[in-house]
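Novice: Here it is, the structure in full.
Read-outs: derived from the displayed coordinates by stated rules, not from any lab. What you see is a predicted model, and the numbers here were worked out from it, not measured in a lab. Please note: Cβ atoms are built from the backbone with ideal geometry, for glycine as well, and neighbour counts cover all protein chains shown.
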């Protein structure tokens with residue numbers, strides 16, 4: 001009797017080497033929720049404000065009043081501005097890049113895993129951008145999200161990033177307005193994501209949604225600059241001095 005029971009117990013595997021899709025999706029949902037929350041918190045880190053505080057000032061009370069890298073560059077200094085710019089890009093890049101790799105194992109054996117991963121990549125990117133624009137550290141008032149959006153696109157939509165970067169550079173070169181360049185770059189995102197969303201004949205709705213949402217949010221955050229542009233009151237970028245005047249846009 002004991003030997004029979006022993007053989008019966010030993011014949012059963014101690015674990016399931018091929019977890020079911022249902023169990024995988026449960027792990028996916030849990031990990032995705034934590035990653036999205038972490039993306040918002042990382043995106044919400046106001047590095048421009050923190051670094052200016054280390055210099056004994058509140059960046060919101062100087063220059064354009066924006067916490068982004070351009071205003072920090074102008075008011076605090078070149079080195080600090082570049083540091084904040086890089087950190088703002090990383091706030092968008094790291095949540096998407098790391099989140100995708102944490103989530104990939106939870107989708108092993110799941111049908112349409114690429115679509116699940118693509119959808120959550122969009123959610124991670126948007127969480128980081130919203131965190132930057134509406135940071136809870138500063139009463140839900142933050143930057144304009146251009147640098148953080150760029151970082152997110154580098155992680156999962158590099159073609160869209162390159163297209164928007166070229167648009168930004170050309171618009172700045174011919175117009176001299178940083179604000180107009182940022183708006184033009186934002187407007188270039190939807191058609192590019194729409195084109196990518198149609199690749200292979202299947203519509204990738206999450207990618208298209210990201211393009212529209214990110215573009216609308218960036219343009220909305222530049223509404224004060226749009227008013228100044230229409231009124232002819234927006235200052236141009238000074239190519240000779242390489243500095244941005246006080247009323248100029250901060251694309252971070």
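Novice: With labels modelled as points extended 7 Å from the Cα through the Cβ direction, what inter-label distance (nm, one decimal) is found for residue 25 paired with residue 53?
Specialist: Inter-label distance under the simple model: 4.3 nm.
Novice: Ratio of Rg to Rh for the range 123-187, alpha carbon only, Kirkwood?
Specialist: 1.03
Novice: Please state, as a whole number in µm²/s, the translational diffusion coefficient that the Stokes-Einstein equation yields for the range 21-231 at 4 °C and 1.567 mPa s, with Rh defined as the Kirkwood radius across alpha carbon pairs.
Specialist: Calculated translational D: 73 µm²/s.
Novice: Here's a follow-up. On a full-extension model of 0.36 nm per residue, what is the gain between residue 82 and residue 61, subtracting their alpha-carbon distance, rounded to one decimal in nm?
Specialist: 5.6 nm
Novice: Can you work out the FRET efficiency for the pair residue 159 and residue 101, with r the C-beta to C-beta distance and R0 = 25 Å, to the nearest 0.05?
Specialist: For residue 159 and residue 101, the calculated efficiency is 0.75.
Novice: Still on this structure, I have one more. Could you work out how much longer the chain between residue 230 and residue 187 gets when fully extended? Use 0.36 nm per residue separation minus the Cα distance between them, nm to one decimal.
Specialist: So the chain would gain 13.7 nm between residue 230 and residue 187.
Novice: Taking the alpha-carbon centroid of each part, what is the distance from the range 202-230 to the range 78-97 in angstrom?
Specialist: That distance is 21 Å.
Novice: Under a crude label model (7 Å from the Cα following the beta-carbon direction), how far is residue 174 from residue 223 in nanometres?
Specialist: 2.9 nm
Novice: Within the range 156-171, list the residues whose amide N lies under 15 Å from a label point set 7 Å along Cα→Cβ of residue 114.
Specialist: Of the residues in the range 156-171, 157 have backbone N under 15 Å from the label point off residue 114.
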